[in-house]
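Have a look at the structure below, then the notes.
The values are calculated or read from the model by the stated rules, or taken from the named source; none is laboratory data. Note that the coordinates shown come from a computational prediction; the quantities given were computed from them, not determined experimentally. For neighbour counting, all protein chains shown are included, and Cβ atoms are generated from backbone atoms with ideal geometry for every residue, glycine included. All accessible areas refer to the heavy atoms of the entire protein, side chains included, with ligands and DNA or RNA removed. Shrake-Rupley method; radii C 1.70, N 1.55, O 1.52, S 1.80 Å.
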Amino acid sequence: MTKAEKVAFTISKLQELYSVIPVPLEHKDPYTLLIAVLLSAQSTDVRVNKITPLLFERADNPFDMIKMSEEEIREIIKPVGLSPMKSKGIYGLSKILIEKYNGEVPKDMALLEELPAVGHKTASVVVSQAFGIPAFPVDTHIHRLMYRWGFSNGKNVVQTEKDAKRLFPKELWNDLHLQIIWYGRDYSPARGWNLEKDVITSTIGRKKVLDEYYKNKKTRK
């Protein structure tokens, strides 16, 4: 298969498996999505989805959020980890949204990245999922699979994002980044990986990755 054929096969298989794409983080608008994505750093979506209802019951907009202190926010979000940094970020960005943007979340990536505790990946998720603007946020699943599939060298997430944007059609970016995340979780995880269930990797996977998988499988026997 040529690289173009591999890309076409991957897109086709992902669309077949995930014609309806579940949204990993529960939210109702750009602000609640921004907070949920911020909370998900070095945590799991499952854990975040348990905490956000408690937080949003108290404050689901920046005006209510700054009525709480950083300490109160921290107490609620403690289970997701990194709560001192995250509570500071949530309070700080809520204040800026009120002062600079009338409480609205900006659609511009550069403006989002200026907000406290908002990095490139968080900004990318918000513009793609809240505003439908093409972006390709790279998480650990996408980084792992782009390497397994031979689409990127695995050097770093910046390179992986560049390669994904170069290989995949722009109009599919927003769907694909979610489809790849779900595929990684369901069929191609980092641990407990069963290649027989992973049709994309077993069909187009990087030779080195496949060889290593079978070598490890023999060792485990």
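Going through segment 176-188 one residue at a time, which ones are assigned to a loop (DSSP other than H, G, I, E, B) and open to solvent by 10 Å² or more (accessible area, probe 1.4 Å)?
Taking segment 176-188 as the starting set, the residues that turn out to be assigned to a loop (DSSP other than H, G, I, E, B) are 187-188.
Answer for segment 176-188, where residues must be assigned to a loop (DSSP other than H, G, I, E, B) and open to solvent by 10 Å² or more (accessible area, probe 1.4 Å): just Tyr187.
Screening Arg191 on (1) over 27 Å from Tyr31 (Cβ atoms); (2) open to solvent by 10 Å² or more (accessible area, probe 1.4 Å); (3) of a type in the set (D, E, K, R); (4) at pLDDT 95 or above shows it passes everything except condition (4). Say whether the condition of being surrounded by fewer than 17 Cβ atoms within 10 Å (Cβ to Cβ), touching a residue at least 24 places away in the same chain (Cβ under 8 Å) and more than 19 Å from Gln129 (Cα to Cα) is met by at least one residue in segment 25-42. Scanning segment 25-42 turns up at least one residue that is surrounded by fewer than 17 Cβ atoms within 10 Å (Cβ to Cβ), touching a residue at least 24 places away in the same chain (Cβ under 8 Å) and more than 19 Å from Gln129 (Cα to Cα). Candidates are the residues of segment 50-86 that are open to solvent by 30 Å² or more (accessible area, probe 1.4 Å) and under 19 Å from the mean Cα position of the chain (by Cα); the one that is nearest to Ala117 (Cα to Cα) is Leu82.
Every residue in segment 123-175 that is among the basic types (Lys, Arg), part of a helix (DSSP H, G or I) and surrounded by fewer than 18 Cβ atoms within 10 Å (Cβ to Cβ), please.
Matches in segment 123-175: Lys162, Lys165, Arg166, Lys170.
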